[in-house]
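Taking it in order: structure first as structure tokens, then the write-up.
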Amino acid sequence: MTLAEGVWHQIFSFENYGELLALVRNSLVVGAALGLVGGLAGVFVIMRDLPFAVHGISELSFAGASAALLLGTNIVAGSIVGSLLAAGAIGLLGARARDRNSAIGILMPFGLGLGVLFLALYKGRAANKFGLLTGQIVAVDTPQMTWLLGTSALVLIALAVIWRPLTFASADPDVAAARGVPVRGLSFAFMIVLGLTVALSVQVVGALLVLTLVVTPAAAAARVTASPVLLPLLSVAFAVLSIEGGILLALGSSIPISPYVTTISFTVYGLCRLAGAYRTRRWGDRRTVPRPA
Amino acid sequence: MRRPAPAAIPRARQGGDQAAGEGSGAVISLRGAELSYGTRVVWQGLDLDVRPGEFLAVLGPNGSGKTSFVRALLGRQPLSAGTLTVLGGPAREAGRHLGYVPQQAELSAQALIRARDLVRFGIDGHRFGLRPRSGAVRRRVDEILASVGASAYADVPLGMLSGGERQRVRIGQALATDPRILLCDEPLLSLDLNHQRAVTELVDARRRSHGTSVVFVTHEINPVLGLVDRVLYLAPGGHRIGAPEEVLTSQSLSELYGTRVDVLRVQGRVVVVGAPDGPASPPHHTHETAHQAVPQTEEVRP
């Protein structure tokens, strides 16, 4: 066996695939929920220009999860607590984009540092530590699944209620405020929703790669449509495709799940960009046609 | 060549019953209104009644409080003293009856919002909860887009529209609720002459067909000079309210600025010479007008 074959076999292996598949049934269910939530929240992350906030929240979420690992309590709960603290702080400190980015830049390394400290103190399995940063698949047991699905449901309901005014406030804040939309309240509410979404994503793709679920699919969808109906649908489809595809490909290999998820997600984005370039040209052509006066 | 005025927004209230309910008949009423930040007084002693169907231009140099005036009318800036009523009540309760065209600004999501979505916000964007897609709302959006001449680019994202196209859509959005007051904040900024004319015609057509009052904040009076009933001129040294020919005179502006200001009238245009950052001075985008077919007199920069 040559070296290349060895590496290939490490990355893609489908031996005993049926038995392995049964092991990750929970993960597949959670993955679908996560794709749904991440794809929807991502639409607003793009609209409100919040990718950096997503990254900042995920580092604090990682700190919360590693604290929970050290204390031997529920990791999902720890991750959620970390996320909410970060999201709340960002929501309160940074109403304006410039303040917000500084606040995130200050919080992020602090969170990462705390996480590293907790992991250094933790004496358990090394795979648990690594998984929080770069993702894991088989880790979802039934109590965790209840937490993850429950939180997803909460996020979905919250998004359904605030969807329309949040879209108005995100896209056109001045006029929304003039029409009596509670722009600041919605901004804070969305940060909390985003915090929960990030905490969920950390469980599967790891803290470093949350952006691949919460930003890339929505950004890809935004390249090919501006329809308020198609945009969230495509974003969800891309997120679910990335995560479920990632889980299925990672199953037989010894490599963490995240490179699979990120590669699918990135490929989808690349394809959408190409399609989007065609779309832009089409609209560009419209301008050369004289408009009726 | 003047284009014909576009059709009025259909299915809207007809003019005539506008003033019902208000004793004074004014849609906007200010008494002794003052706005100050700390010790800095922006404007004070403002007494003003805007009548139904009146076209009020708000002029003044940068920093004279035009934007604060807009924010006060929107109920987003409390007065330091005096009273303000909009449609007989507090300004913040008038939201639905006040169409607002904000200053042009880059929107972070302008690649994700189509012209029709912006108009739709004006109809039901503020409502919480999910609603099934409604054919009635869609038809109303189409009607509004047609009435402002924006049907051709209804499905194009805002980021791909020109400034003039975007401004038409903005006016459509402001008219979506069939408002009784139209509040436009520098709607002509960075538009070329043709688009300036198109935008002012849209606003004026609405005023004539529905008796909608117009508060029009602008740097440049000339594009609307023929339409304006009264001018509110805000300046560091006070303010003046009155017909354009009363307010825009050498004497009154010299008093306001505390320095010699000459107001000239050339071919039906007002040219202000000597005012620091005067409202009739040519805007920074003069080069954009150079290729227009319409002949334009060169204005004198102070």
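The values are calculated or read from the model by the stated rules, or taken from the named source; none is laboratory data. Treat the numbers as computed from the prediction; the structure is a model and nothing was measured. Because the Cβ atoms are built from the backbone with ideal geometry, glycine has one as well, and the counts that use them run over all protein chains shown.
Modelled with pLDDT under 95, closer than 30 Å to A:Met47 by Cβ, surrounded by fewer than 19 Cβ atoms within 10 Å (Cβ to Cβ) and touching a Ser or Thr at 6+ places or on another chain (Cβ under 9 Å): is that true of B:Gly163 in this structure? Walk me through it before giving the result.
On the way: modelled with pLDDT under 95: yes; closer than 30 Å to A:Met47 by Cβ: yes; surrounded by fewer than 19 Cβ atoms within 10 Å (Cβ to Cβ): yes; touching a Ser or Thr at 6+ places or on another chain (Cβ under 9 Å): yes.
Yes.
Could you tell me whether segment A:50-57 includes any residue that is away from chain B (no Cβ under 14 Å) and free of Cβ contacts under 8 Å to residues at least 24 places away in the same chain?
No, the conditions are met nowhere in segment A:50-57.
Name the residues in segment B:82-127 that are part of a strand (DSSP E or B) and within 11 Å of chain A (Cβ to nearest Cβ), would you?
Quick first cut of segment B:82-127, residues part of a strand (DSSP E or B) only: B:82-86, B:89, B:98-101, B:114.
B:Leu98, B:Gly99, B:Tyr100, B:Val101, B:Arg114 - these are the residues of segment B:82-127 that are part of a strand (DSSP E or B) and within 11 Å of chain A (Cβ to nearest Cβ).
A quick yes/no check of all residues on (1) at pLDDT below 90; (2) surrounded by 18 or more Cβ atoms within 10 Å (Cβ to Cβ); (3) within 15 Å of the chain's Cα centre (by Cα):
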site: A:Thr2; (1), (2), (3): yes, no, no
site: A:Glu15; (1), (2), (3): yes, no, no
site: A:Glu19; (1), (2), (3): yes, no, no
site: A:Ser27; (1), (2), (3): yes, yes, no
site: A:Leu50; (1), (2), (3): no, yes, yes
site: A:Ala53; (1), (2), (3): no, yes, yes
site: A:Leu60; (1), (2), (3): no, yes, yes
site: A:Ala68; (1), (2), (3): no, yes, no
site: A:Leu71; (1), (2), (3): no, no, no
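Please determine, by comparing only the residues of segment A:158-180 that are in contact with a helix residue (DSSP H, G or I) (Cβ under 7 Å, 6 or more places away or on another chain) and over 23 Å from B:Ala174 (Cβ atoms), which one is nearest to the other protein chains (Cβ to nearest Cβ).
Step by step, filter segment A:158-180, then rank; the result is A:Ile162.
Suppose the filter is assigned to a helix (DSSP H, G or I) and either within 14 Å of another protein chain (Cβ to nearest Cβ) or over 10 Å from the mean Cα position of the chain (by Cα) (or both); does A:Ser235 pass it?
So A:Ser235 passes the test.
Filter segment B:141-170 for residues that are part of a helix (DSSP H, G or I) and over 12 Å from B:Arg116 (Cα atoms); which is nearest to the other protein chains (Cβ to nearest Cβ)?
Here is the first cut: in segment B:141-170, the ones part of a helix (DSSP H, G or I) are B:141-147, B:151-153, B:158-160, B:163-170.
Subsequent filtering for residues that are over 12 Å from B:Arg116 (Cα atoms) retains B:147, B:159-160, B:163-165, B:167.
Numbers: B:Ser147: 15, B:Gly159: 9, B:Met160: 5, B:Gly163: 14, B:Gly164: 11, B:Glu165: 9, B:Gln167: 13 Å.
Per the criteria, the residue is B:Met160.
Being surrounded by fewer than 23 Cβ atoms within 10 Å (Cβ to Cβ) and over 15 Å from B:Leu225 (Cα atoms) is the filter; apply it to segment B:186-201 and report the residue that is nearest to the chain's Cα centre (by Cα).
Restricting to residues being surrounded by fewer than 23 Cβ atoms within 10 Å (Cβ to Cβ) and over 15 Å from B:Leu225 (Cα atoms), the top hit is B:Leu189.
Just one of the numbered conditions (1) part of a loop (DSSP other than H, G, I, E, B); (2) within 11 Å of another protein chain (Cβ to nearest Cβ) is not true of B:Leu79; which one?
(2)
Considering only residues that are hydroxyl-bearing (Ser, Thr, Tyr) and out of contact with any Leu (no Cβ under 8 Å at 6 or more places or on another chain), which ones fall in segment B:86-120?
Result: B:Ser108, single match.
Any residue at all in segment A:141-157 that's within 14 Å of chain B (Cβ to nearest Cβ), in a helix (DSSP H, G or I) and at pLDDT 90 or above?
Of segment A:141-157, the ones within 14 Å of chain B (Cβ to nearest Cβ) are A:156-157.
Next, only the ones that are in a helix (DSSP H, G or I) stay: A:156-157.
When the remaining residues are screened for being at pLDDT 90 or above, the result is A:156-157.
There is at least one residue in segment A:141-157 that is within 14 Å of chain B (Cβ to nearest Cβ), in a helix (DSSP H, G or I) and at pLDDT 90 or above.
In segment B:128-137, which residue that is away from every other protein chain (no Cβ under 12 Å) and part of a helix (DSSP H, G or I) is nearest to A:Arg179 (Cα to Cα)?
Narrowing segment B:128-137 to residues away from every other protein chain (no Cβ under 12 Å): B:134-136.
Still in the running and part of a helix (DSSP H, G or I): B:135-136.
Working: B:Gly135: 23, B:Ala136: 21 Å.
Once the filter is applied, the top-ranked residue is B:Ala136.
Within segment A:120-141, is there a residue that is more than 30 Å from A:Leu21 (Cα to Cα) and in contact with a Ser or Thr (Cβ under 8 Å, 6 or more places away or on another chain)?
Yes - at least one qualifying residue is present in segment A:120-141.
In the list B:Ser151, B:Ser147, B:Ser134, which residue meets the criterion of being touching a residue at least 60 places away in the same chain (Cβ under 8 Å) and not hydrophobic (A, V, I, L, M, F, W, C)?
B:Ser147
Out of all the residues in segment A:164-204, which are surrounded by fewer than 22 Cβ atoms within 10 Å (Cβ to Cβ), under 23 Å from the mean Cα position of the chain (by Cα) and over 21 Å from A:Ile57 (Cβ atoms)?
A:Arg164, the sole residue that qualifies.
Using the structure shown, decide if A:Arg223 is out of contact with any helix residue (DSSP H, G or I) (no Cβ under 7 Å at 6 or more places or on another chain) and within 14 Å of another protein chain (Cβ to nearest Cβ).
So A:Arg223 fails the test.
Given the condition crowded, with 16+ Cβ neighbours inside 10 Å, part of a loop (DSSP other than H, G, I, E, B) and on the phi < 0 side of the Ramachandran plot, answer yes or no: does some residue in segment A:111-123 qualify?
Yes, the conditions are met somewhere in segment A:111-123.
State yes or no: is A:Val240 in a helix (DSSP H, G or I) and closer than 25 Å to A:Ile90 by Cβ?
no
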